[in-house]
Amino acid sequence: MKRYILWGVFVLLAAFTAMALDNARLLRFPDVNGNRVVFVYAGDIWTVPTSGGSAVRLTSQKGMELFPKISPDGKWIAFSGEYSGSRQVFVMPSIGGTPRQLTWYNDVGVMPPRGGFDDIVLDWTPDSRKILIRSNRTPYGKRMGKYFLVSLDGGLEEPLQIPEAGFGSFSPDGEKICYTPISREFRTWKRYKGGRAADVWIYNLSDNTSRRLTTFPGSDQIPRWYKDSIYFASDRDLKLNIYRYDLKTDKITQITHHREFDTLWPSGRGNQLVYENGGFLYLLNLDTGKTDKMTVNIRFDDPNILPYMKNVAGDIHSADISPSGKRAVLDARGDIFTVPAKSGVIRNLTRSQGVREIFPAWSPDGRWIAYFSDQTGEYEVYIRDKDGKMPAKQLTRDSSSWKFPAVWSPDSKWLLFSDKNQELQLLDVKEGKITVVDRADRHDIRDYTFSPDSSWVAYSKNGANGQEAVWVYSLSEKKPIQLTGDTFNDSNPTFSTDGKYLFFMSNRDFNLTFSAFEFNYVYTKATRIYAAALTSDVPKLFPFENDVETVKREVAKPSDKGRKAKAGSKKKMEKVSEVRIDPTGIDARTVAFPMKSGRYSYLQAVKGGILYGNESGLHKFDIGKKKDSIILAGVRGAILSADGKKLLYRKGKTFGIAAVQPGQKGEPGKLNLANLTMKIDPVKEWRQIYVDGWRIFRDWFYADNLHGVDWKAMRKKYAKLLPSISHRADLDYIFGELVGEMNVGHAYVNWGDFPRVKRVNTGLLGCEFTPDTQMGRYRITKIYQGENWNKSRRSPLTEQGVDVHVGDYLMKIDGYNVTLKDNPYSFLEGKAGRHVPLTVASGPKLAVKRTVLVKPISSELELRYLDWVNSRRKLVDKLSGGRIGYIHVPNTSFEGNRELFKGMYAYHNKEALIIDDRYNGGGFIPDVMTGLLERRTLSYWARRGVKPNSTPGIAHDGPKVMLINHYSSSGGDAFPYYFKKRHLGTLIGTRTWGGLVGLSGNAGLVDGGSISVPSFGVFGTDGKWVVEGIGIYPDIEVEDRPEQVAAGHDPCVEKAVQVLLKKLKEKPPVPVKQPKFPVRSGWHEGDIH
């Protein structure tokens, strides 16, 4: 008990000191100029003298203000903010004041922490008149950005010629930029040396030349220029530290030597650089190389850490129903609640801030509620009385793994649950003794149940071939028995209420479904519900029906005494028959329910039938009547009460308790959750979330050695930062650093719960504007062609009836006069999806004016992407004379498969193919995609009067090239790996990302945030680890140099065409030559061997 008291005192102290932090940590994104330092804390911008001391808060808006940069003259602070409902660039006096908005172009929206942010402020021009920003307006995806200059005087931002970029800064004369073409500043993968590791380059804006400065396999990032040197962060000694690149000698020198934490976000002006390390700020004098830690004190009424009341109906994690259906029990935001079905009050049974309780289960006798709690530091099993009047009783101890939901035995004496060690465990509630029922070796055991007499357990477990089989376990004999074979995939076993049958789902139907595009097929809707008679002496479930005539006989009426006796007997508890199971011959005793095969998602036995879920809703099947009825449409699963009369369902955001009765409409028995409220203490909750995230990563990570990382030491290391947390985003930042220590891809953090600014979308027109200083107007210099039948690729100015053309001048938007002093997007704020009048002009002196109605879009990313792909295809056509086809694959998910298959259908007749895997964001494992490219013609089919057909109908026999680069990621890594392994062609480009571990889902955090844990890793058929952490090397290395791309070239595409034309010359394609039709009026012309 003493341990818990000390923990509580520590938390209270943290909550107190968070309002007045001396020597504060988690000071982020700093900048320095002269004697002023600015930084971000609690999502706001602060300033403090370089000598340290008490900081002054400059912003206090609901959203997050980020990336403050002080102008060279020291008068202004430019930053990225959300005041207007999207992330934009703002400027304010350096001493504080009302921000002024400078940009309005719609940002890409909220991205996960690893994606970073749109509209990042990077630097100022030396004259303090323009701001360098990175805005995500590229064709390559929403997380890739390029540079723009934003004028302090207003107007439209000016794009720079650099095609894509990470962080960067100007040279002292403003003629050059030192930068990283690759952006991974927000990726926390530590000690990374895959293809996306950034290097420092210089781009000359005057003569459009570039120079690569560093070639280190690890990370070189966030460069700053001072005199004849460039300072940058690099992990050359395993931790990010500051290094200097001497432009005269090309010598690289380490300047700082931090050993515990990485050096992050270096920035500064003149001979000063400020950076973050371990949450503290450090000042570096670039002339002397001396580093000084700053002591910054934070004192303010931080609203982010104050306890607050919240309705947690949107945070419900799991639920169960009471035995008679009068109440539901659920866990929400870490507490256990019971909720009345109709009348009464909501009870919070646990009230345990800083502790998470999950997976409540109500005992069939109504007495107990079982649940898991992490009160001890690990999740253990507890029970408490249904009203929460008595203290909880801990049943398990010394657990070390995540547990899946527990189910009660019908006699309320046992609990059954599984864990992330793939063990199915039986817990004696009275004795607290655990018996391991079984262990799986391929998948977690996730579906398990008791027999009606509590003497058997049924569950599904994988076999050697990976398919699931139904198993049972006898509590008396203490041994598992396999009931069904592994020929099919069997799952979701449930006993009939009389214990004579076992119902289960199985994929046994091979329903062939043809492709609409080619002769190809898959097997779909394979599942049926089956019943296995557990012994040979039970009656058939669906006996043969034979109509016979019966003779009517008089039946004596029972006396009143007899009726009373009969009625009274119903009140007695029905005795549950002993369940007997004979595994021998059980396959022969298995029958299918008389229902179609389909996609079933839930199965539960009720008296006289079953409940099940499918696409249409929740159904009941009456076995005696052989009648199927829908109970609730739009519901695919439910939890049945112990008496079998009520069920708890979820429909969208609604929970309800309804009768097990067909034909119900709407939301019957909807639970009133208006008072499902609790007081949340953020500081306590954040500490619980931190430990929970650490545990979840430990339990789900694919490698049991945790990559050799001392995970307990990592928890202790980053826990030092917890007392300084002032915003939920700070915890996500800490998580990023923590999981980054694992040196693995796909270790992702997803935002937790904190207030968001209400979104306001700026309308976009699908065009590019260029300022015409002579006319004082913006000219439309490009209109993106779209696919107006496709909502995501609708191009407003190309729609029917919109009379706007390239070369027109923009005069008015929504009646507002637009000149070069204005940012045209400021007049489209909040106009996405709404019709807006647009006035344009053309002709001499802009005499021809016309006004049209346009419907702006909220994003141009798809239009930019489509334009980029079409321009690559035109380039390939031009360079190859139409002989080579071009297909870009943006990912290996839905869109990427669509583009690959669409491209193969369109271009498989080309002599050669370019498969462009650059900027491939991953998705599915691309074995199907590889199989499509691997197809070869097997035969031809002659037809009279027309050209012959081929088998397969879609195949390509010619040479292929695949283009790859640093953003070819995950599935985009696997695609070229398989391409190369199957000898399908030549890889051209640069090394890929090298992130080939996979995600299969894991537990989330109490406030809705999550950490994505890699749960499987790839190794080759030779038994060696492949791809992860390194990437795929090209056969021919080609760098898409920025100056070449800016000039309209595509070096990779141009090289691919050159390589393929050479291959076609060396081995020209052989045209299909159909033989003459045979003459077989006599013997067949073929020889018989």
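For the range 999-1056, name all the residues that are hydrophobic (A, V, I, L, M, F, W, C) and in a loop (DSSP other than H, G, I, E, B). Steps first, answer last, please.
Just the residues of the range 999-1056 that are hydrophobic (A, V, I, L, M, F, W, C), to begin with: 999, 1003, 1005-1006, 1011, 1013, 1016, 1018-1019, 1025-1027, 1030, 1032, 1036, 1038, 1045-1047, 1052-1053, 1056.
Listed by number, the residues that qualify are Leu999, Ala1003, Leu1005, Val1006, Val1013, Val1018, Val1026, Val1027, Ile1030, Ile1032, Val1038, Ala1047.
Being in a helix (DSSP H, G or I), of a type in the set (D, E, K, R) and out of contact with any Phe, Trp or Tyr (no Cβ under 7 Å at 6 or more places or on another chain): is that true of Arg898 here? Quick ask: steps written out before the conclusion?
Values: in a helix (DSSP H, G or I): yes; of a type in the set (D, E, K, R): yes; out of contact with any Phe, Trp or Tyr (no Cβ under 7 Å at 6 or more places or on another chain): yes.
In short, yes.
From Ser86, Ser128, grab the single residue that is polar (S, T, N, Q) and surrounded by fewer than 20 Cβ atoms within 10 Å (Cβ to Cβ). So that I can check it myself, show each step before the final result.
Numbers: Ser86 fails: surrounded by fewer than 20 Cβ atoms within 10 Å (Cβ to Cβ).
Only one candidate passes the filter, namely Ser128.
Considering only the range 968-984, state which residues are assigned to a loop (DSSP other than H, G, I, E, B), crowded, with 17+ Cβ neighbours inside 10 Å and touching an Asp or Glu at 6+ places or on another chain (Cβ under 9 Å).
Step one: filter the range 968-984 for residues assigned to a loop (DSSP other than H, G, I, E, B), giving 968-970, 982-984.
Those left that are additionally crowded, with 17+ Cβ neighbours inside 10 Å: 968-970, 984.
The answer is Ser968, Leu984.
Tally up the residues in the range 870-894 that are touching a residue at least 24 places away in the same chain (Cβ under 8 Å) and part of a helix (DSSP H, G or I), please.
Final tally of qualifying residues: 7.
Could you go through the range 354-372 and let me know if any residue there is in a strand (DSSP E or B), farther than 21 Å from Gly637 by Cα, small (Gly, Ala, Ser) and touching a residue at least 12 places away in the same chain (Cβ under 8 Å).
Checked the range 354-372: at least one residue is in a strand (DSSP E or B), farther than 21 Å from Gly637 by Cα, small (Gly, Ala, Ser) and touching a residue at least 12 places away in the same chain (Cβ under 8 Å).
Inside the range 692-739, can you point out the residues that are among the acidic types (Asp, Glu), over 15 Å from Trp189 (Cα atoms) and assigned to a helix (DSSP H, G or I)? Full working, then the answer.
Quick first cut of the range 692-739, residues among the acidic types (Asp, Glu) only: 692, 699, 704, 710, 730, 732, 737.
Still in the list and also over 15 Å from Trp189 (Cα atoms): 692, 699, 704, 710, 730.
Selection gives Asp692, Asp699, Asp730.
Cβ-Cβ distance below 7 Å, separation of 6 or more or different chains: which pairs start in the range 246-262 with a residue that is at pLDDT 95 or above and end on one that is surrounded by 12 or more Cβ atoms within 10 Å (Cβ to Cβ) and hydrophobic (A, V, I, L, M, F, W, C)?
Between residues of the range 246-262 that are at pLDDT 95 or above and residues that are surrounded by 12 or more Cβ atoms within 10 Å (Cβ to Cβ) and hydrophobic (A, V, I, L, M, F, W, C), the close pairs are Leu247/Ile230; Ile255/Ile242; Ile255/Leu284; Thr256/Ile242; Thr256/Leu284; Asp262/Leu240.
Within the range 472-489, does at least one residue satisfy the condition of being under 22 Å from Phe621 (Cα atoms) and surrounded by 15 or more Cβ atoms within 10 Å (Cβ to Cβ)? Steps first, please.
As a first pass, look at the range 472-489 and keep what is under 22 Å from Phe621 (Cα atoms): none.
No, the range 472-489 contains no residue that is under 22 Å from Phe621 (Cα atoms) and surrounded by 15 or more Cβ atoms within 10 Å (Cβ to Cβ).
What's the total number of residues in the range 427-443 that are within 16 Å of Lys479 (Cα to Cα) and buried (at least 18 other Cβ atoms within 10 Å of the Cβ)?
In the first step, residues of the range 427-443 are kept if they are within 16 Å of Lys479 (Cα to Cα); the result is 427, 434-440.
Add one more test, that the residue is buried (at least 18 other Cβ atoms within 10 Å of the Cβ), and what stays is 427, 434, 437-438, 440.
Final tally of qualifying residues: 5.
Grab the strands (runs of 3 or more DSSP E) fully contained in the range 453-551, keeping just those with 2 or more residues being modelled with pLDDT of 95 or more and of a type in the set (Gly, Ala, Ser). It would help to see each step written out before you state the result.
Working: elements: 456-462, 468-474, 479-482, 489-495, 501-507, 511-514, 521-524, 527-533.
The strands (runs of 3 or more DSSP E) meeting that bar are 456-462, 468-474, 527-533.
With respect to Gln688, is the statement that it is at negative phi and assigned to a loop (DSSP other than H, G, I, E, B) true? I'd like the intermediate steps shown before the answer.
Values: at negative phi: yes; assigned to a loop (DSSP other than H, G, I, E, B): no.
Judged against the criteria, Gln688 is not a match.
Taking the condition of being part of a strand (DSSP E or B) and touching a Phe, Trp or Tyr at 6+ places or on another chain (Cβ under 7 Å), how many residues in the range 432-448 meet it?
Pass one, the range 432-448, residues part of a strand (DSSP E or B): 434-439, 448.
From what's left, touching a Phe, Trp or Tyr at 6+ places or on another chain (Cβ under 7 Å): 437-438, 448.
Total meeting the criteria: 3.
Residue by residue through the range 585-610, note down the ones that are hydroxyl-bearing (Ser, Thr, Tyr) and within 38 Å of the chain's Cα centre (by Cα). Please lay out each step first, then the result.
First pass over the range 585-610, keeping only residues hydroxyl-bearing (Ser, Thr, Tyr): 590, 597, 600-602.
Result: Ser597, Tyr600, Ser601, Tyr602.
Check the range 376-383 and report whether any residue there is crowded, with 20+ Cβ neighbours inside 10 Å, assigned to a loop (DSSP other than H, G, I, E, B) and at pLDDT 95 or above.
The answer is yes, given that some residue of the range 376-383 is crowded, with 20+ Cβ neighbours inside 10 Å, assigned to a loop (DSSP other than H, G, I, E, B) and at pLDDT 95 or above.
Considering only residues of the range 260-288 that are surrounded by fewer than 23 Cβ atoms within 10 Å (Cβ to Cβ) and among the acidic types (Asp, Glu), which is farthest from the chain's Cα centre (by Cα)?
The selected residue is Asp287.
Would it be correct to say that Phe170 is assigned by TED's automatic domain parsing to the domain that holds Arg28 and in contact with a Pro (Cβ under 8 Å, 6 or more places away or on another chain)?
Working: assigned by TED's automatic domain parsing to the domain that holds Arg28: yes; in contact with a Pro (Cβ under 8 Å, 6 or more places away or on another chain): yes.
When the stated conditions are applied, Phe170 passes them.
Mind listing whichever residues of the range 922-941 are of a type in the set (A, V, I, L, M) and either in contact with a Ser or Thr (Cβ under 6 Å, 6 or more places away or on another chain) or assigned to a helix (DSSP H, G or I) (or both)? Please lay out each step first, then the result.
Initially, the range 922-941 is screened for residues of a type in the set (A, V, I, L, M), giving 925, 928-929, 932-933, 938.
The answer is Val928, Met929, Leu932, Leu933, Leu938.
With surrounded by fewer than 19 Cβ atoms within 10 Å (Cβ to Cβ) and in contact with a strand residue (DSSP E or B) (Cβ under 7 Å, 6 or more places away or on another chain) as the only criterion, which of Val854, Val848, Val876, Val889 stands out? Write out each step before concluding.
Numbers: Val854 fails: surrounded by fewer than 19 Cβ atoms within 10 Å (Cβ to Cβ); Val876 fails: surrounded by fewer than 19 Cβ atoms within 10 Å (Cβ to Cβ); Val889 fails: surrounded by fewer than 19 Cβ atoms within 10 Å (Cβ to Cβ).
Criteria check complete, one pass: Val848.
Out of (1) among the charged types (D, E, K, R); (2) within 28 Å of Asp428 (Cβ to Cβ); (3) crowded, with 19+ Cβ neighbours inside 10 Å, the odd one out for Lys393 is which?
(3)
Grab the strands (runs of 3 or more DSSP E) fully contained in the range 789-868, keeping just those with 1 or more residues being in contact (Cβ under 8 Å) with a residue 40 or more places away in the chain, within 23 Å of Glu158 (Cβ to Cβ) and outside the structural domain of Thr103 (by TED's automatic domain parsing). Spell out the reasoning first.
Working: elements: 809-813, 836-842, 848-854.
Result: 809-813, 836-842.
Asp582 passes all but one of (1) assigned to a loop (DSSP other than H, G, I, E, B); (2) modelled with pLDDT under 95; (3) surrounded by fewer than 18 Cβ atoms within 10 Å (Cβ to Cβ); which number fails?
It fails just one condition, (2).
The values are calculated or read from the model by the stated rules, or taken from the named source; none is laboratory data. This structure is a prediction, so every number in the text was calculated from the model and none was measured. As a convention, Cβ positions derive from the backbone with ideal geometry for all residues, glycine included, and neighbour counts pool all protein chains shown.
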